[in-house]
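Asker: Just dropping this structure here.
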Amino acid sequence: MKILVINGPNINMLGIREPGIYGSNTFADLLALLEQTAREENIEIEQYQSNHEGCLVDKIQESFGKVDGIVINPAAYTHTSVAILDALKAVSIPAVEVHISDVDSREPFRQISYAGLACQKTIKGQGLQGYRQAILYLKDFLQK
Ligand code: CA2
């Protein structure tokens, strides 16, 4: 089983600023968590991060026929990108949306998610552990 974890703009800056919102863990900590989860769950995890909307769309398209599930945090593009929504719909790969922060308790514009419309589940406000929860959910779903 192969799961692709996609992160959008500025997620690579985690831990550098705004620890009150996103915690003090770094992007390197997230990558380590993904590697640990892959080992423990005996699955293959590929990660991809980009600050560019088109690159995220390209990656989703390229994953067609190559991965079993997608975990995606589109970051700011969550709230703006119909292109990412359309790409997720086009490949029709089971997907889970993750947000590190509790977007529901933040600004109103963060409470709109386009990508989420193509996802089976959204996990918010669980910090980096949200990614692990999303992977476990997908693993369970794909095994059924
Ligand atoms: O809570 C999340 O995971 C978000 O997807 C993170 C995005 C934000 O635009 C979404 O509304 C919610 C932001 C990504 C990280 O941005 C940083 C900003 C400053 C310092 C470090 C990271």
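Asker: What is the spin-label model distance, in nm, from Arg39 to Ala90 if the labels are put 7 Å beyond Cα along the C-beta direction?
Answerer: 3.7 nm
Asker: Shifting gears a bit: Rounded to the nearest 20 Debye, what is the dipole magnitude of the chain about its Cα centre when Lys and Arg each give +1 and Asp and Glu each give -1 at the C-beta? Could the numbers behind the result be given before it?
Answerer: Working: 13 positive and 17 negative charges, 38 e Å.
Result for the chain is approximately 180 debye, rounded to the nearest 20.
Asker: Suppose R0 equals 22 Å; then what is the FRET efficiency for Gln61 and Ile112 from their Cβ-Cβ distance, rounded to the nearest 0.05?
Answerer: 0.40
Asker: Rounded to the nearest 10 Å², what accessible area does Ile11 show when all protein chains are kept and the probe is 1.4 Å?
Answerer: 10 Å²
Asker: Which one, His99, Tyr114, Ile60, is farthest towards the positive end of the dipole of the range 49-130 when Lys and Arg carry +1 and Asp and Glu -1 on their Cβ?
Answerer: His99
Asker: Oh, and also: Counting each DSSP H run of 4 or more residues in the chain as -39500 (n - 2.57), what helix-only mean residue ellipticity at 222 nm follows after dividing by all residues, to the nearest 500 deg cm²/dmol?
Answerer: Details: 5 runs with 54 residues, N = 144.
Rounded to the nearest 500, the figure is -11500 deg cm²/dmol.
Asker: Which of the aspartates and glutamates could a cross-linker span from Lys66 if the Cα-Cα distance has to be under 13 Å and same-chain partners fewer than 8 positions apart are dropped?
Answerer: Filter leaves Glu44, Glu46.
Asker: Quick one: putting +1 on the C-beta of Lys and Arg, -1 on the C-beta of Asp and Glu, what dipole do you get for the range 1-51 around its Cα centre, in Debye to the nearest 20?
Answerer: The dipole magnitude comes to about 160 debye.
Asker: Now, a different point. If you rank Glu62, Glu97, Glu53 by how much accessible surface each has, with a 1.4 Å probe, what is the order from largest down?
Answerer: Sorted descending by solvent-accessible area, the residues read Glu62, Glu53, Glu97.
Asker: I've got another one for you. Label 7 Å along Cα→Cβ of Glu46; the range 57-85 residues with amide nitrogen under 13 Å?
Answerer: Only 58-71 fall inside the zone, counting backbone N under 13 Å.
Asker: Can you give the net charge of the other residues whose Cβ lies under 10 Å from the Cβ of Pro74, counting K and R as +1 and D and E as -1?
Answerer: -2
Asker: Let me check I have the definition right: for the range 1-69, take the eigenvalues of the Cα gyration tensor, multiply each by 5, take square roots. What are those semi-axes in whole Å, largest first? It would help to have the intermediate numbers written out before the result.
Answerer: Values: eigenvalues 105, 65, 8 Å².
Those come to 23, 18, 6 Å.
Asker: Is the shape of the range 55-134 best called rounded, prolate or oblate, per the rule: a/c under 1.5 gives rounded, else a/b larger than b/c gives prolate, else oblate, with a ≥ b ≥ c the square roots of the Cα gyration tensor eigenvalues?
Answerer: Working: a/c = 2.28, a/b = 1.42, b/c = 1.61.
It comes out oblate by the Cα gyration axes.
Asker: May I ask for the equivalent-ellipsoid semi-axes of the chain, computed as the square root of five times each C-alpha gyration tensor eigenvalue and listed largest first in whole Å?
Answerer: Result for the chain: semi-axes of 21, 19, 14 Å.
Asker: On the full set of protein chains, 1.4 Å probe, figure out the accessible area of Asp104 and give it in Å² to the nearest 10.
Answerer: About 80 Å², rounded to the nearest 10.
Asker: Show which aspartates and glutamates lie in cross-link reach of Lys144 when reach means a straight Cα distance below 17 angstrom and same-chain residues fewer than eight apart are skipped.
Answerer: Result set, ordered by chain and number: Glu41, Asp68.
Asker: Can you give me the distance in nm between label points at Arg17 and Asp29, each placed 7 Å from the Cα along the Cα-to-Cβ direction?
Answerer: In this crude label model, Arg17 to Asp29 measures out at 1.9 nm.
The values are calculated or read from the model by the stated rules, or taken from the named source; none is laboratory data. None of the values given here were measured: they were computed from a predicted structure. A quick note on method: Cβ atoms are made from the backbone with ideal geometry, for glycine too, and the neighbour counts reach across all protein chains shown. Ligands, DNA and RNA are excluded from the accessible area calculation, which covers all protein heavy atoms including side chains. Shrake-Rupley method; radii C 1.70, N 1.55, O 1.52, S 1.80 Å.
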